Amino acid sequence: MDHTCVIGLAWGDEGKGKVIDLLCPHYQQVVRYNGGANAGHTVCVGEQRFGLHLMPTGILHSGATAVIGPGVALDPVVLVDEINGLRARGIHVGDNLKISDRAHVVTAYHKIEDRLSEALAAEGGRIGTTARGIGPCYADKMRRHNAIRVCDLMDSEHLSETLETVVPQRRKLFAACYGDDGGLDLDQVRDELLTAANHLRPYVCDTGVHLRERIAAGDIVLFEGANGVMLDVDHGTYPFVTSSSTGPHGIGGGAGVPGAMVRQVIGVAKAYATRVGGGPFVSELTDATGDRIREKGREYGTTTGRPRRCGWLDGVALRYAAELVGATELGLLHLDTLSGFKRVGICTAYQVDGKTWNTVPADARLLERAAPVFEYHKGWSDDVRGLQSFEALPPEAKTYLARIESLIGCPVTVIGTGPSRDECICRGRRAGPATTAKLTGETDV
Ligand code: GDP
Ligand code: IMO
Ligand code: MG
């Protein structure tokens with residue numbers, strides 16, 4: 001069994017939560033290393049639906065410890081809500097949660113700044129953030145002056161001193177830059193952080209030390225990527241990205257373990273493409289077909305409820321992302337959503353200014369002007385919802401999957417046939433049967 005990461009290969013919401021949940025029974029540590037409450041990872045078990053934002057999916061499995069690493073932008077208020085919500089549904093949260101004392105803290109003024117700066121941006125220039133304060137928190141981390149980490153949150157005196165300096169500064173800054181001080185109130189900011197700090201104190205530790213010790217003792221680690229590779233701050237469709245390293249390259253810093261230990265990289269994508277927020281999306285369908293995908297796939301954000309933009313699978317972006325992260329296998333979800341379409345498309349190249357691109361250009365403006373080159377495959381009329389065997393898939397669906405494998409150069413080992421945990425086809429990796437065994441394990445909820 002290898003240390004593994006699960007990474008979204010598109011613009012988020014690929015179905016990482018479902019794949020991670022399937023894998024969890026075979027890992028002892030499940031680690032979030034990037035992003036924050038901008039993430040929304042869904043796990044469906046029978047009638048139960050869990051939408052996890054900061055909490056690693058491993059919390060739903062009794063054999064796993066859920067670890068929030070130093071690379072996470074941690075909103076303590078959201079996390080306390082999440083803990084309370086899970087407990088109310090009978091999920092145990094105790095020694096099985098570890099929170100890094102080095103993680104940076106998202107405060108009310110980060111969320112206000114996120115909202116104000118988006119409101120000020122010109123139409124078309126808006127990132128369409130989740131308004132969860134992610135960008136401003138990571139900006140403070142890099143700026144360093146008066147940034148707040150979890151270890152600072154644990155020291156109420158130091159925290160109060162920092163806030164007494166920062167809050168009035170931010171109020172002035174917001175008023176000057178945005179014409180609105182955001183209604184920032186020092187006492188309110190301090191009280192909500194101190195209250196949350198008291199709830200979180202029992203789980204705070206040096207998670208790097210914890211992980212390195214557990215790995216030395218033989219534990220196997222699953223790294224839970226948040227967001228998606230096309231939202232990566234260095235490699236995504238910048239500036240329409242999030243503010244962290246979303247791929248396995250984020251693991252070393254974001255988890256505090258040697259990144260090279262990760263041998264298995266499971267890239268997750270949908271059988272089509274979606275994106276929430278602004279930014280280029282070459283294979284987008286703004287017509288009735290796009291609407292049909294949205295309604296059939298219930299493409300509304302887990303975190304913000306926003307309708308997701310939908311399009312055919314973007315083979316250019318998918319190959320770029322898979323190569324970038326060194327994907328060893330693919331999870332392809334929502335195959336059921338495409339049932340009933342007469343034809344299904346794959347974007348195999350971009351055309352812009354008379355030039356054909358087989359990879360993703362750096363310049364988002366150029367990408368905005370790009371036209372997709374689509375190839376079409378015959379669709380399948382039989383509903384594949386709930387199928388668990390590859391053999392039972394209609395031949396057209398098998399052809400479609402084979403085309404994706406050849407385009408990306410990676411075997412598709414997990415196929416989603418519905419939102420629920422058991423609506424899934426798990427194919428053994430070509431290298432051996434290990435994945436099949438892993439993916440059919442018992443779970444607790
Ligand atoms: P994540 O952020 O990558 O974990 O993905 P989200 O949870 O934000 O969005 C994926 C959505 O698709 C969720 O509502 C899942 O319940 C749902 N889902 C996952 N896999 C499948 C699938 O194979 N078929 C269908 N119909 N829904 C799926
Ligand atoms: P999961 O983990 C979908 C998008 C936002 C916006 C951009 C920047 O559920 O896949 P941010 O709030 O991070 O500053 O927003 O990134 N975005 C996501 N879209 N799923 C996510 O996470 C996302 N995390 C960020 O919509 O376009
Ligand atoms: Mg999501």
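Based on the Stokes-Einstein relation at 4 °C and a viscosity of 1.567 mPa s, and on the Kirkwood radius from alpha carbon pairs, the stretch 176-257 is assigned a translational diffusion coefficient of 79 µm²/s. Note on the chain: helix-only mean residue ellipticity at 222 nm, from DSSP H runs of 4+ residues weighted -39500 (n - 2.57) and normalised by residue number, equals -9500 deg cm²/dmol.
Based on the alpha-carbon gyration tensor of the stretch 266-339 and its eigenvalue square roots a ≥ b ≥ c, which shape applies: rounded if a/c is under 1.5, prolate if not and a/b is larger than b/c, or oblate? Here the stretch 266-339 falls in the prolate category. Between the amide H of Leu333 and those of Ala269, Lys270, Ala271, Gly416, distances stay under 5 Å, these residues lying 5 or more places away or on another chain, with hydrogens modeled in the peptide plane.
Label-to-label distance for Lys378 and Asn358 is 2.8 nm, based on points extended 7 Å past Cα in the beta-carbon direction. Taking amide H as placed 1.01 Å from N in the peptide plane, the amide H of Phe223 sits under 5 Å from that of Thr4, Cys5, Val6, Val31, each at least 5 places away or on another chain.
Under 5 Å from the amide H of Leu52 lie the amide H atoms of His41, Thr42, Val43, each residue being 5 or more positions distant or on a separate chain, with H modelled from the backbone and absent for Pro and chain starts.
The chain gives an Rg/Rh value of 0.97, both radii derived from C-alpha positions and Rh following Kirkwood.
With a threshold of 30 Å on the Cα-Cα distance, the over-threshold entries among Lys141/Lys172; Lys296/Lys355; Lys111/Lys296 are Lys296/Lys355; Lys111/Lys296. Site-free segments of the chain were taken between GluC sites (Glu not before Pro) in DSSP loops having at most 13 other Cβ atoms within 10 Å, sites themselves excluded; the longest one is 124-441. Here the Karplus curve 6.51 cos²θ - 1.76 cosθ + 1.60, taken at θ = phi - 60°, turns the phi angles of the stretch 232-247 into couplings of 5, 5, 9, 10, x, 7, 4, x, 8, 9, 9, 10, 10, 8, 8, x Hz, with x standing for Gly and Pro. Shown for Tyr203, Tyr27: other C-beta atoms within 10 Å of each C-beta, ranked fewest to most, produce the order Tyr203, Tyr27. GNM remark for the chain: springs join alpha carbons under 10 Å apart, and the peak mean-square fluctuation among Gly135, Gly340, Gly252 falls on Gly340. Going from the fewest other Cβ atoms within 10 Å to the most, the residues Arg427, Arg87 appear in the order Arg87, Arg427. Largest mean-square fluctuation among Val209, Val19, Val414, in a Gaussian network model of the chain whose springs join Cα atoms under 10 Å apart, belongs to Val209.
Of all the C-alpha pairs in the stretch 1-83, what % are more than 19 Å from each other? Value for the stretch 1-83: 33 percent of Cα pairs lie more than 19 Å apart. Its alpha carbons give the stretch 104-203 an Rg and a Dmax of 13.9, 44 Å. Note on the stretch 104-203: dipole from Cβ charges, positive end direction compared against Ala122, Gly179, Val189; the farthest Cα belongs to Ala122. The phi-based Karplus calculation (6.51 cos²θ - 1.76 cosθ + 1.60; θ = phi - 60°) puts the 3J(HN,Hα) values of the stretch 203-215 at 9, 7, 7, 7, 5, x, 4, 4, 5, 5, 5, 5, 5 Hz, whole numbers, x for Gly and Pro.
For the stretch 1-49, what Kirkwood radius comes out of the mean inverse Cα-Cα distance, in Å? Numbers along the way, then the final one.
Details: mean 1/r = 0.0824 Å⁻¹.
Hydrodynamic radius (Kirkwood, Cα pairs) of the stretch 1-49 is 12.1 Å.
Computed 3J(HN,Hα) for the stretch 135-143, one whole-Hz value per residue from the Karplus formula 6.51 cos²θ - 1.76 cosθ + 1.60 where θ = phi - 60°, is x, x, 5, 5, 5, 4, 4, 6, 6, glycine and proline marked x. Just to be sure I understand: with springs between alpha-carbon atoms less than 10 Å apart, which residue in Leu23, Leu401, Leu333 has the highest mean-square fluctuation in the Gaussian network model of the chain? Largest GNM mean-square fluctuation: Leu401. The Cα atoms of the stretch 330-401 cover 43, 23, 16 Å along the three principal axes, with the biggest extent listed first. Partners of Lys398 within straight-line reach, counting aspartates and glutamates whose Cα lies under 19 Å from its Cα and excluding those fewer than 8 residues away in the same chain: Asp314, Glu329, Asp336, Glu375, Asp382, Asp383, Glu423.
With a cut-off of 17 Å on the backbone N, the residues of the stretch 89-109 near the modelled label site 7 Å out from Thr165 along Cα-Cβ are 105.
For the chain, DSSP calls about 45 percent of its internal beta bridges antiparallel. Residue exposure proxy: Lys141, Lys18, ordered by other Cβ atoms within 10 angstrom of their Cβ from fewest to most, comes out as Lys141, Lys18.
Bear in mind that the values in this text are calculations on the coordinates, not laboratory data. Only a predicted model underlies this, so the values are computations on that prediction, with no experimental measurement involved. Cβ atoms come from the backbone with ideal geometry, glycine included; neighbour counts cover every protein chain shown.
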